[in-house]
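What follows is calculated from the coordinates using simple rules that are stated; it is not laboratory data. Everything numeric in this text was worked out from a predicted model, so none of it was measured. Here the Cβ is made from the backbone with ideal geometry for all residues, glycine too, and neighbour counts use every protein chain on show.
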Ligand SMILES: *Cc1c(COP(=O)(O)O)cnc(C)c1O
């Protein structure tokens, strides 16, 4: 691929030049106060992005997957029961991880393309009179299908059932892209990584632990060493880590939080929504459909686009790369081959999205999908003209 072209995989995302520079730094003594002056502001920035004052934030050298493992191993014991919903590859993999750790996972299967059915969680929790379920797992943005779930509704379901289960949320592809409210939604553990909404290279698992999740550290018996939050907390109190910290990424994280907070979270979310809506209008103009079955599920970070029968999504993605040097996402798991994905999260502008849509049109035409060249681009242009900064343009 040509590295001057933006990428449209749903993470890792394009990296702003300022963040590339922030990550690229000379070695410092990571056991000195110099490091503390980088670490603590990065953590404070993440807390603002998570919209929490109550939680403690920890940064592990890892990825989102390591964040899942941090969440479960620090709070649960072998045989503990958790409740989840399987609606795509990422929720599937978190369930699989729980099973491999010897947890007892009850999960609801919903068709890929739908969100978490909070009402069914409420029924199950209401029926769990002995409070065997310790944790409810929720994937906020299912990156495989481009589906957003309503986390506030999951919290209401837990409360309506009068159930004490904790709520752990995978926000890897939503945090920093669209609204996430850790304290307001009563999220006990929030999990993300550096390479999606934070626009950094991969390499950090970013986790927020509520006071209840911190209390669970004392009773949890699942084995943990590298991901032990107690060791990390002890390290932070002394401006250090239990091992060598990824200093450049932590410097980058502080710069990333500053960038998001300077743009303003509401503006960041509005930008993601506007770009996502441009992509959705293009998909409609092509006569194609999203994998997400209803507007309430539409994700502002990624769109998974269903292809007509006989068209292979993997061919769409490889053709884009080979012919035009542009990366889109393939379908994963149950929707492999049936969809291709356009990531529209992180550092993106209208102009970049238009370039991606025009490339997608060429590729779709190349592989035999009957799209009118320019139709999707025009639909997105119309949307962007009418929704970008003042003054508003006249309708074409
Ligand atoms: C990317 C992603 C992950 C984790 O991915 P890593 O490759 O481990 O960083 C988890 N959940 C969701 C929803 C994701 O999009």
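Which residue fluctuates most in the GNM of the chain (Cα springs below 10 Å): 166, 182, 97?
97
Gaussian network model of the chain, Cα springs within a sub-10 Å range: biggest mean-square fluctuation belongs to which of 262, 239, 141?
Its mean-square fluctuation being the largest, the pick is 262.
Using a 10 Å cut-off around each Cβ, can you sort 85, 257 from fewest to most neighbouring Cβ atoms? It would help to have the intermediate numbers written out before the result.
Working: 85 25, 257 21.
Fewest to most other Cβ atoms nearby, the residues stand as 257, 85.
Can you sort 178, 243 by how many other beta carbons sit within 10 Å, fewest first?
On the way: 178 23, 243 12.
The order, fewest Cβ neighbours first, is 243, 178.
What FRET efficiency comes out for the pair residue 26/residue 265, r = Cβ-Cβ distance, R0 = 35 Å, nearest 0.05? Don't jump to the answer; show the numbers that get you there.
Numbers: r = 32 Å, r/R0 = 0.91.
Calculated transfer efficiency: 0.65.
Tell me what the chain gives for mean residue ellipticity at 222 nm when only DSSP H runs of n ≥ 4 count, each as -39,500 (n - 2.57), the sum divided by the residue total, rounded to 500 deg cm²/dmol. Can you show the working numbers first?
On the way: 13 runs with 162 residues, N = 396.
Computed ellipticity for the chain at 222 nm equals -13000 deg cm²/dmol.
Note down, for the stretch 318-386, the three equivalent ellipsoid semi-axes (square root of 5 times each alpha carbon gyration tensor eigenvalue), biggest first, whole angstrom.
Values: eigenvalues 85, 48, 28 Å².
Semi-axes (√(5λ), whole Å): 21, 15, 12.
List 70, 244, 63, 139 from most exposed to least, where exposure is judged by having the fewest other Cβ atoms within 10 Å. Display every interim value, and only then the final one.
Details: 70 25, 244 10, 63 20, 139 34.
Ascending Cβ contact count within 10 Å gives the list 244, 63, 70, 139.
Note down the nm distance, to one decimal, between modelled labels 7 Å out along Cα→Cβ at residue 37 and at residue 238.
Once both label points are built, they end up 2.1 nm from each other.
Please report the orientation-averaged projected area of the stretch 285-354, defined via the convex hull of its C-alpha atoms, in nm².
Values: hull surface 22.1 nm².
So the Cα hull casts an average projection of 5.5 nm².
Please report the antiparallel percentage of the DSSP beta bridges confined to the chain, to the nearest 5. Write down the numbers at each step before the final one.
Numbers: 23 of 42 bridges.
Percent antiparallel among DSSP bridges in the chain is about 55.
List the equivalent ellipsoid semi-axes of the chain in whole Å, largest first, each obtained as the square root of 5λ for an eigenvalue λ of the Cα gyration tensor.
35, 26, 18
Can you compute the FRET efficiency between residue 388 and residue 104 using 1/(1 + (r/R0)^6), with r the Cβ-Cβ distance and R0 = 51 Å? Round to the nearest 0.05.
Here the calculated transfer efficiency is 0.50.
Relative contact order for the chain using alpha-carbon pairs under 8 Å, separation at least 6, rounded to a whole percent?
Numbers: 827 pairs, mean separation 93.4, N = 396.
Value for the chain: 24 percent.
Debye sum, Cα scatterers, the stretch 1-122, no solvent: what log₁₀ I/I(0) at q = 0.11 1/Å?
-0.63
In percent, what relative contact order does the stretch 1-144 have, based on Cα pairs under 8 Å that are 6 or more apart in sequence? Intermediate results must be reported in sequence, preceding the final value.
Values: 113 pairs, mean separation 30.5, N = 144.
Once normalised by length, the contact order is 21 percent.
Please report the relative contact order for the stretch 66-219, taking Cα pairs under 8 Å with a sequence separation of at least 6, and give it as a percent rounded to a whole number.
Numbers: 287 pairs, mean separation 35.9, N = 154.
Reported relative contact order: 23 percent.
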